[in-house]
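For reference, the structure discussed in these notes is given below.
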Amino acid sequence: MNISMLLDMAVDGFGDRVVIGPRERGITASRLKELAVAGADVIRESGADAVVYLAVNGPAFPVAMFAAARAGVPLVPVNYRLGREQLDALLANHPRALGIADPNQAEVLESAGLNVCSPEQWLQRLSASGVTETSEDEILDAEGAAVVIYTSGTTSAPKGVLLRHENLTSYVFGSVEFANAEEADAALVSVPPYHVAAVANVITNLYAGRRTLVLEQFTPEQWLNTVRDEGVTNALVVPTMLARIVDSDADKSIPTLRGLAYGGAPMPTRVIEQALELWPEVGFVNAYGLTETSSTVAVLGPDEHRAAIESDEPRARARLGSVGQPVPGVIIEIRDDDDAVLGPGVVGRICVAGDQVSAEYAGIGRMVDERGFFDTRDKGFLDGEGFLFVGGRVDDTIIRGAENIAPAEIEDVILRHPAVLDVAVVGVPDEEWGQRIEAVVVLRPGGEVDGETLRSFVRDTLRGSKTPERIVYWDALPRTETGKLVRRHVVERLVEHAAL
């Protein structure tokens with residue numbers, strides 16, 4: 001089933017309900033379909049084989065998603081924080097795409113040969129098209145890729161994850177009951193469009209009949225004000241956002257909020273305990289998933305949060321640190337290095353299977369075993385009742401906030417400096433961000449460069465969120481006899497010295 005069918009169902013079920021944007025001037029389900037139909041015509045007429053979206057979140061994003069789906073081409077939301085070199089390499093994969101970009105990013109797409117319009121121009125063009133209907137005989141692609149999201153993974157080269165229509169619709173049908181939201185319900189999403197959670201929230205909230213709002217620039221005050229002003233009932237944040245909200249001096253009264261989901265990185269126990277105490281009537285949900293799994297595969301729900309916080313029993317209270325149990329349609333196994341399935345309490349690799357699991361990369365194919373299981377490259381274990389505890393990455397990916405950062409791409413930049421002989425970039429525990437980036441540098445004989453200069457060197461090539469917060473200098477890095485870097489020893493030493 002093409003994801004456009006979700007929109008068709010919404011139109012049939014609650015066509016006059018505002019589903020996108022502010023309460024007073026938002027887009028109804030029927031209007032969203034009209035814009036999507038017009039957008040599909042524009043895409044077909046252009047001959048584009050994809051729609052590249054290089055802009056902040058907003059109403060243009062869901063319109064682009066459903067227009068692309070109706071035209072039978074994928075939407076490609078691109079990380080607007082990437083450096084120019086990375087953007088150019090990524091855009092080379094989509095030379096025939098139609099581009100939607102914020103004005104300050106338009107030149108990047110134009111230089112790649114794409115026809116570009118701003119989100120405002122995109123919506124204005126579709127609004128002026130006059131298209132209001134679609135053919136009853138229209139055949140929509142149900143097998144192709146609906147969305148392509150680029151993720152760095154463990155290497156410096158981003159990989160395009162293909163999320164097919166069947167993956168996304170399977171996720172929706174297994175997670176949401178159709179039209180179960182009240183007409184006044186509203187969801188506030190605070191993640192960028194290139195994050196899988198942004199895609200998932202558009203389609204799940206639409207299917208539920210819940211109005212979706214986005215917060216383009218997060219501050220605790222703006223988030224709290226928006227929740228109050230728009231009567232937000234459900235919200236999604238990453239742990240760093242929740243930490244800033246609970247630590248804020250702003251007015252934290254949000255009487256309409258009923259559900260608050262979080263995920264994307266480890267949640268500090270202190271933060272979730274403060275939030276539960278601050279808003280005892282709110283139902284908290286910890287959602288664990290990956291781009292390759294079309295978002296959430298395990299959930300720790302409101303009842304489990306309350307049971308954990310109210311319990312005096314250590315094992316029950318420890319479940320506050322879990323990500324809950326698998327969602328319907330998903331199977332989770334913990335395996336050792338030989339692929340043997342491990343029992344309760346034993347740490348291994350988290351492997352998942354189900355119709356919503358894509359595990360498919362552009363130019364590579366599906367990375368699943370003969371039984372359809374995808375290795376997430378996360379470590380973890382299941383307890384005796386099937387609660388999943390995630391213990392970090394099997395690989396070396398740094399998770400800062402909700403963003404996966406590959407050490408290799410930062411190391412590659414630092415190694416370009418003529419004074420640097422060797423470097424290790426690692427993530428060390430951080431209460432606010434989950435992990436912070438630190439680098440250990442070995443200088444060439446006679447080489448000299450201070451930490452701030454190296455940090456600027458990285459920032460000029462990549463961006464601020466990928467710039468090491470601290471750079472230290474060692475005489476040598478811990479490596480095996482075959483030259484493999486032992487990253488855990490680097491982290492242990494950095495943490496040990498920081499504690500002194």
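Nothing in this text is a laboratory measurement; each read-out follows from the coordinates by a stated rule. In this text, all values refer to a predicted model and were calculated from it rather than measured experimentally. Virtual Cβ from ideal backbone geometry, glycine too; neighbours counted across all protein chains shown.
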| Using alpha carbons only, how many degrees (0 to 90, rounded to 10) separate the axis of helix 60-71 from the longest principal axis of the chain? | 70
| said: Just to verify a number: FRET efficiency for R96 and D12, C-beta to C-beta distance, R0 = 25 Å, to 0.05? | reply: 0.15
| Per-bin percent of Cα-Cα distances, the range 148-259 [5 Å] | 2, 11, 19, 20, 17, 14, 10, 6, 2
| So what is the relative contact order for the chain, in percent, with contacts set as C-alpha pairs under 8 Å and at least six apart? | 11
| request: Work out Dmax and Rg for the range 319-475 from the C-alpha atoms and quote the Rg first, both in angstrom. | output: 19.3, 60
| task | Just the number, please: percent antiparallel of the DSSP beta bridges in the chain, rounded to the nearest 5. | result | 60
| remark: Env charge @ T204, Cβ radius under 12 Å, K,R +1 / D,E -1, value 0
| field | For the chain: lysine pairs under 29 Å (alpha-carbon distance), excluding those fewer than 8 apart on one chain | value | 6
| query | So what does the Cα-only Debye profile of the range 406-499 read at q = 0.14, 0.15, 0.16 Å⁻¹, as log10 I(q)/I(0), no solvent term? | reply | -0.48, -0.55, -0.63
| Based on the Cα coordinates of the range 428-481, what is the per residue volume of their convex hull in Å³? | 113
| query | If you build the Cα gyration tensor of the range 25-172 and take the root of 5 times each eigenvalue, what three semi-axes come out, in whole angstrom, biggest first? | reply | 25, 18, 14
| said: If you fit an axis through the alpha-carbon atoms of helix 196-208 and take the longest principal axis of the Cα set of the chain, what angle between them do you get, 0 to 90°, nearest 10? | reply: 30
| query | Sorted by packing (mean other beta-carbon atoms within 10 Å per residue), highest first, where do 382-391, 307-316 land? | reply | 382-391, 307-316
| query | Can you pull the semi-axes for the chain, root of five times each eigenvalue of the Cα gyration tensor, sorted largest first, whole Å? | reply | 36, 29, 23
| said: Projecting each Cα onto the charge dipole of the chain (Lys/Arg +1, Asp/Glu -1 at the beta carbon, about the Cα centre), which of A29, Q217, V285 comes out farthest on the positive side? | reply: Q217
| field | Whole-Å distance, taken between Cα centres, linking the range 335-380 and the range 185-216 | value | 27
| field | Residue-span extension gain [I364 to R488] - 0.36 nm each, minus C-alpha spacing | value | 41.7 nm
| remark: Length gained if D312 through E85 is fully extended, taking 0.36 nm per residue and subtracting the Cα-Cα distance, is 76.4 nm
| query | If we sort 340-348, 4-12, 203-211 on the protection proxy, mean other Cβ atoms within 10 Å, highest first, what's the order? | reply | 203-211, 4-12, 340-348
| If you count, for each residue, the other Cβ atoms within 10 Å and average over each peptide, how do 319-330, 236-247 line up from highest to lowest? | 236-247, 319-330
